[in-house]
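The values are calculated or read from the model by the stated rules, or taken from the named source; none is laboratory data. Worth saying up front: this structure is predicted, and the values here are computed from it rather than measured. Cβ atoms come from the backbone with ideal geometry, glycine included; neighbour counts cover every protein chain shown.
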Amino acid sequence: MKRLFQSKWFKIPYQIALYGFAAYGVVLVGVFVALKLRLTDDKGLVDSNNRYFQEMHDKYNQDFKVDSTSLIKYRNEILQRINLVNEYYPKNARVILEAWSQSKSEKIALQMLAALDLKLKDNKTYQKRLREILSKSNNQNMAKGGNAFEWMNFIEWSYFKEAVTKDKKYIDSAALACGVEPRMIVACLVGEQVRLFNSRRERFKNVVAPLKTLALETNLSYGVTGIKERTAQNIEYYLKDPKSPYYCGIKYEHILDYDSTINYNNQHNDTMNLRVKRLVQYKDHYYSYLYAGIFIRQIATQWQKAGYPIDDRPEILASIFNLGYNKSKPKKYPSVGGSNFMIRDKEYTFGGVAYDFYYSGELLEAFPYAEVKISK
């Protein structure tokens, strides 16, 4: 028997079985550990269209409501889009029409169409015709007593006009103090506020609209006119530097001096320095307008000294207001521009929007055109 155990006919099968059981044990232990540590869980992937899904949710969220005029517009748009889908996928068009009829919800129909648009995103012919439908829908809506300046037809603009009219006393006071036409200051304000129409539409709907107040910046740029802290420092410095090309004269040297007896604290700015605290005021926006007005005067002074006056060029002053001192280089033919942004599906520039507003005649009663734009 001993010889049998020591023979290769016994030892080899025995070792194979032994190591096999050992390997199997290791596998079982590994599986156990993996399960315990949740290493076998499906980590999942972020869908490549995740951003589109979020955009559609935001666009047609639970607060989506329409008045009678908008309802007709949406119904016409839905019918045209269903007809378009019918040319490519009649079955889907029929299902959307049935769902719309059953639910009596324009929101559902639009969301179903949005889902289909995503599946046909690579169909160039479909996408081109879809853009034509949407563009025609917007143009027809604007044509009914709308404004030639397209971005002024959106509801956010009506909110803005009410809000800025409430601030008239602060704007007029700041304008008087720095010798700049109030409408010129508002042109810069418009550029700052209008570019938020797209990026913060929820904020406009939930905060600005019901309160009829302006959007107040509290991060990197401050106040309703979006003054950067570094820009505010430079504005103050150049007021007292006679050697600076931006120096406006002794009359304005102390216009921004700090009054230590005034407390500018509120629940949102208590960790900020005094300079920024003055800008981040929720009801009194005087300093937002004053800093903007002084900046305009300083830039106008620089160009005047260089022999290229731009007192009557609100679009140039607004462009530089947006870009900063380092972009202010006096020359005979300056360029209008600044940051670019989208309002709905159209691109604008900061200076272009300021120009539109200034010469549109909007808010004329509150902010009329002055014969002298910047006082001497």
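In the stretch 244-258, the residues that are aromatic (Phe, Trp, Tyr) form Cβ pairs under 7 Å with partners that are assigned to a loop (DSSP other than H, G, I, E, B), at six or more places apart or across chains, as follows: Tyr247/Asp241. Against the conditions (1) at negative phi; (2) modelled with pLDDT of 95 or more, Thr271 satisfies every one except (2). Scan the stretch 317-366 for residues that are farther than 18 Å from Pro245 by Cα and more than 26 Å from the chain's Cα centre (by Cα) and the total you get is 4. Against the test of being under 12 Å from Thr225 (Cβ atoms), touching a residue at least 60 places away in the same chain (Cβ under 8 Å), out of contact with any Pro (no Cβ under 8 Å at 6 or more places or on another chain) and hydrophobic (A, V, I, L, M, F, W, C), the options Leu279, Leu290 yield a single qualifying residue, Leu290.
Annotation note: Cβ proximity below 7 Å between a residue of the stretch 319-338 that is in contact (Cβ under 8 Å) with a residue 40 or more places away in the chain and surrounded by 12 or more Cβ atoms within 10 Å (Cβ to Cβ) and a residue that is part of a helix (DSSP H, G or I) and polar (S, T, N, Q) (sequence gap 6+ or interchain) occurs for Gly324/Thr231; Tyr325/Asn234; Gly338/Ser319; Gly338/Asn322.
Please verify whether the stretch 298-312 includes one or more residues that are farther than 21 Å from Asp167 by Cα, of a type in the set (Asp, Glu) and either in the same structural domain as Leu220 (by TED's automatic domain parsing) or free of Cβ contacts under 8 Å to residues at least 12 places away in the same chain (or both).
Taking every residue of the stretch 298-312 in turn, at least one turns out to be farther than 21 Å from Asp167 by Cα, of a type in the set (Asp, Glu) and either in the same structural domain as Leu220 (by TED's automatic domain parsing) or free of Cβ contacts under 8 Å to residues at least 12 places away in the same chain (or both).
For the stretch 333-376, the set of residues classified as under 25 Å from Asn234 (Cα atoms) and among the basic types (Lys, Arg) consists of Lys373, Lys376, listed by residue number. Tyr238 meets all of the listed conditions (1) at pLDDT 75 or above; (2) closer than 30 Å to Leu113 by Cβ; (3) aromatic (Phe, Trp, Tyr) but one, namely (2).
Between Ile108, Ile133, Ile82, Ile72, the distinction of being β-branched (Val, Ile, Thr), modelled with pLDDT of 85 or more and surrounded by 10 or more Cβ atoms within 10 Å (Cβ to Cβ) belongs to Ile82 only.
To keep it simple, each residue is scored yes or no on (1) basic (Lys, Arg); (2) touching a Ser or Thr at 6+ places or on another chain (Cβ under 7 Å); (3) not in a helix (DSSP H, G or I).
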{"residue": "Gln304", "(1), (2), (3)": "no, no, no"}
{"residue": "Phe321", "(1), (2), (3)": "no, no, no"}
{"residue": "Lys331", "(1), (2), (3)": "yes, no, yes"}
{"residue": "Pro334", "(1), (2), (3)": "no, no, yes"}
{"residue": "Tyr348", "(1), (2), (3)": "no, no, yes"}
{"residue": "Gly352", "(1), (2), (3)": "no, no, no"}
{"residue": "Tyr355", "(1), (2), (3)": "no, no, no"}
{"residue": "Glu362", "(1), (2), (3)": "no, no, yes"}
{"residue": "Lys376", "(1), (2), (3)": "yes, no, yes"}
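Quick check on Ile262: is it surrounded by 13 or more Cβ atoms within 10 Å (Cβ to Cβ) and either of a type in the set (A, V, I, L, M, F, W, C) or not in a loop (DSSP other than H, G, I, E, B) (or both)? Working first, answer last.
Numbers: surrounded by 13 or more Cβ atoms within 10 Å (Cβ to Cβ): no; either of a type in the set (A, V, I, L, M, F, W, C) or not in a loop (DSSP other than H, G, I, E, B) (or both): yes.
No, not satisfied.
When Lys124, Lys144, Lys128 are screened for being over 27 Å from the mean Cα position of the chain (by Cα) and at pLDDT 85 or above, only Lys124 passes.
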